[in-house]
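All remarks here apply to the structure that follows.
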Amino acid sequence: MRHLLDTRTLGRADALRILDVAEDMRDTQSREIKKLPTLRGKTVVNLFFEDSTRTRISFEAAAKRLSADVINFSAKGSSVSKGESLQDTAQTLQAMGADAVVIRHGASGAPHTLATSGWISAGVLNAGDGTHEHPTQALLDAFTIRKRFFGDDSRGRDLSGLHVAIVGDILHSRVARSNVWLLTTLGARVTLVAPPTLVPQDVTAWPVTVLYDLDQAIADAPDAVMMLRIQLERMNAAYFPTEREYSRRWGLDAARMAALPTDSIVLHPGPMNRGLEISADAADSPRSTVLEQVANGVSVRMAALYLLLAGERPTHDAQEEA
Ligand code: CP
């Protein structure tokens, strides 16, 4: 596996391979000694141009559990403030011996540029680019859904027969995009629910149903409801109703939890804005998988780093080169 840039081009077999390796990694995390020697001598660079709690720390934990050395770069406090380019920043880190670069960037396409420009030879993992994709988030979400519904029988299974509703600011959400491609590749049915102003124009080309009414979506009995943060930092305020109006019409609260099937689950990629898109009742419910998502994120990122740095390659990558 050379790079992990998106889920749109990730085939079913490759996605299942990552999820199944993540199952193996998860098993190692219940042992007394969690560390594996697999990536000893390799160096992983976390190159973060946008803020992050879960993704950056999770990649760091994953790399360290596999015995890789980790270099953390944050644009804040770096020479980016003096005008240093992405090319020069990446090549500087490559010169310090990076084998893999995990990049989060505000510009959609920055990880693809890094992977295809020839600037660096390291493998590239997309940790979220602009409003485009966040592939490891979708992989950990799919892993979490599969684990909740199929438990110890998860290995090798896709998500056929499951219905996932993704609710909120779809327009600005790289998490929604990566989940739409991955969940449908794995056989799930996906419904998007949002205010009309927060739905992308090209959604008609996506393999999804779009609803503007959360209660209508809940009446269709989804197995999983994924609540999304409102990305005020990326939007013109004119797109957005008042917070009170948004919460009333598109927020998940105790009444809507009660209307969902009793075995349905609630996901949120974080960070949550309690009281806006999700109430404390819903966020802290036993049906909420928020902290399982965080824990599973380490296993999924261990799997991605292992497949990227230990030499196994997904078939779609090999096919592209053939
Ligand atoms: N889910 C997610 O990407 O969270 P962070 O922004 O904290 O990494």
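Where a number appears in this text, it was derived from the coordinates with a stated rule and is not lab data. Quantities reported herein were computed from a predicted structural model and do not represent experimental measurements. Cβ coordinates were reconstructed from backbone atoms using ideal geometry, including for glycine residues, and neighbour counts include every protein chain displayed.
Please identify, among ARG248, ARG189, ARG287, the residue showing maximal mean-square fluctuation in a Gaussian network model of the chain using a 10 angstrom Cα cutoff.
The residue that fluctuates most here is ARG248.
Evaluate the relative contact order of the chain (contact order divided by residue number), counting alpha-carbon pairs under 8 angstrom at least 6 apart; express in whole percent.
Answer for the chain is 23 percent.
Give, to the nearest whole percent, the P(r) tail of the chain beyond 34 angstrom, counting all Cα pairs.
Roughly 21 percent, rounded to a whole number.
For VAL124, VAL203, VAL102, which order do you get if you count the other beta carbons within 10 Å of each Cβ and list the fewest first?
VAL203, VAL124, VAL102
As I understand it, the value is the acute angle between the Cα axis of helix 86-95 and the longest principal axis of the Cα atoms of the chain; what does it come to in degrees, rounded to 10?
50
Between ARG157 and GLN231, what's the calculated FRET efficiency when r is the beta-carbon distance and R0 is 35 Å? Round to 0.05.
It comes out at approximately 0.60.
How large is the dipole of the chain about the Cα centre if only Lys and Arg carry +1 and Asp and Glu carry -1, each at its Cβ, rounded to the nearest 20 debye?
Around 560 debye, computed over the chain.
Springs between alpha-carbon atoms under 10 Å, Gaussian network over the chain: tell me which of ASP202, ASP158, ASP69 tops the mean-square fluctuations.
ASP202
Arranged by the count of other C-beta atoms within 10 angstrom, fewest first, what order do THR92, THR242, THR185 take?
Fewest to most other Cβ atoms nearby, the residues stand as THR242, THR92, THR185.
Can you give the convex hull volume per residue for the Cα atoms of segment 135-290, as a whole number of Å³?
104
Please count, across segment 1-122, the pairs of lysine residues with Cα atoms under 29 Å apart that sit 8 or more places apart or on different chains.
6
To make sure I understand, if each residue's beta carbon is the centre and we count other beta carbons within 10 Å, what order do LYS82, LYS147, LYS35 fall in, fewest to most?
Placing the least packed residue first, the sequence is LYS82, LYS35, LYS147.
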